[in-house]
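See structure below.
The values are calculated or read from the model by the stated rules, or taken from the named source; none is laboratory data. Being a predicted model, the structure only gives us computed values, none of them experimental. Glycine also receives a Cβ, built like all others from the backbone with ideal geometry; neighbour counts cover every protein chain displayed. Side chains included, ligands, DNA and RNA excluded: accessible areas come from the protein's heavy atoms. Shrake-Rupley method; radii C 1.70, N 1.55, O 1.52, S 1.80 Å.
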Amino acid sequence: MMRYCEILLTCFLMAFGHIRGNRDGALEVTYIANEGFLISMGGTKVLIDALFKSDHFVSPSDTLAASMMEGKPPFDSVDYALVTHDHADHFNPEMISHFLISHPATEFVASSRTCEKLPGESAADRRRSGIDLKMGEHRTIPGDKAEVTLLRLDHSGSREIGNVAFLVRSNGFTIVHVGDALLAHNEEHLRAFDWSSYSVDLLFLEHFDRSSPALDIMQNIIRPKHLVLMHVPAGEEESVRAAWAKIVPRAVVFEKELETKRFAR
């Protein structure tokens, strides 16, 4: 009987700890480069647009890329690897393939166009989740660790590029990463989306997307609690921060790789 009670108490404490962990878990963002981030959502780890090498934009250093490949903390136990589109400053097929082979438990989610660029004979090919969407369409992938929604958006005025925004919900947090989409260019699609069921904690947005229509969509439609600015050229961090100071005073501009910030609920 005593042993039975001990087991019940242990189970209760474990369950309570899990609930407490969900309730008290942190929302943390670690900067990789350009639009690449590691997002920790109360224990769920999401890597987005992080594995790439570009000649024209800030890219992860070789040391950082090796750390991601090898799964060194904080890149251990990554649950999701997401790619918004297949441009070289967001996605490198060989790097993604290598990463997925080394991390077989990580779920890869991207558009079919992006997935088609993965090496066809690699193990990564069998781990892919290629999604086909028409402009403005969305699809939700439920999972044990997170709910991932893809929303097809116009890529800065080019509809041919398969840019998808990601809405990720996990452990009571919601983040939105729009890739290279400009809000005003996608007003029709963003206003048609049911944001009433989302309470967005964190929006990742292009740093130059601050037109009046874009700000209206951000502030009155998406309504994020926090804002992270992306695609910031090296050396222009302070000028970008100053440009946003009167709009969103606490908008976050990351300055160096592996810089980590925690966001309040």
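What to note about this one:
- Pairs, first touching a residue at least 40 places away in the same chain (Cβ under 8 Å) and closer than 12 Å to Val253 by Cα in segment 29-53, second of a type in the set (S, T, N, Q) and part of a loop (DSSP other than H, G, I, E, B), C-beta under 9 Å, six or more apart: Ala33/Ser54; Ala33/Ser59; Ala33/Ser61; Asn34/Ser54; Asn34/Ser59; Glu35/Thr84
- Identity of the residue in segment 98-109, open to solvent by less than 10 Å² (accessible area, probe 1.4 Å) and in contact with a Ser or Thr (Cβ under 7 Å, 6 or more places away or on another chain), that ends up nearest to Gly130 (Cα to Cα): Val109
- Residue that is least open to solvent (accessible area, probe 1.4 Å) [pool: residues in segment 135-166 that are among the acidic types (Asp, Glu) and modelled with pLDDT of 95 or more]: Glu147
- Filtered by the rule that a residue be more than 16 Å from Leu118 (Cα to Cα), open to solvent by less than 10 Å² (accessible area, probe 1.4 Å) and either in contact with a His (Cβ under 8 Å, 6 or more places away or on another chain) or free of Cβ contacts under 8 Å to residues at least 12 places away in the same chain (or both), segment 70-88 gives a lone residue, Val78.
- Summed over segment 236-256, residues that are open to solvent by 70 Å² or more (accessible area, probe 1.4 Å) and in a loop (DSSP other than H, G, I, E, B) total 6.
- Filtered by the rule that a residue be assigned to a loop (DSSP other than H, G, I, E, B), open to solvent by less than 10 Å² (accessible area, probe 1.4 Å) and small (Gly, Ala, Ser), segment 167-226 gives a lone residue, Gly179.
- Qualifying residues in segment 48-69 (those that are within 15 Å of Met230 (Cα to Cα) and aliphatic (A, V, I, L, M)) - the one most open to solvent (accessible area, probe 1.4 Å): Val58
- Single match in Ser54, Ser112, Ser129 (criterion: modelled with pLDDT under 95 and in contact with a Cys (Cβ under 9 Å, 6 or more places away or on another chain)): Ser129
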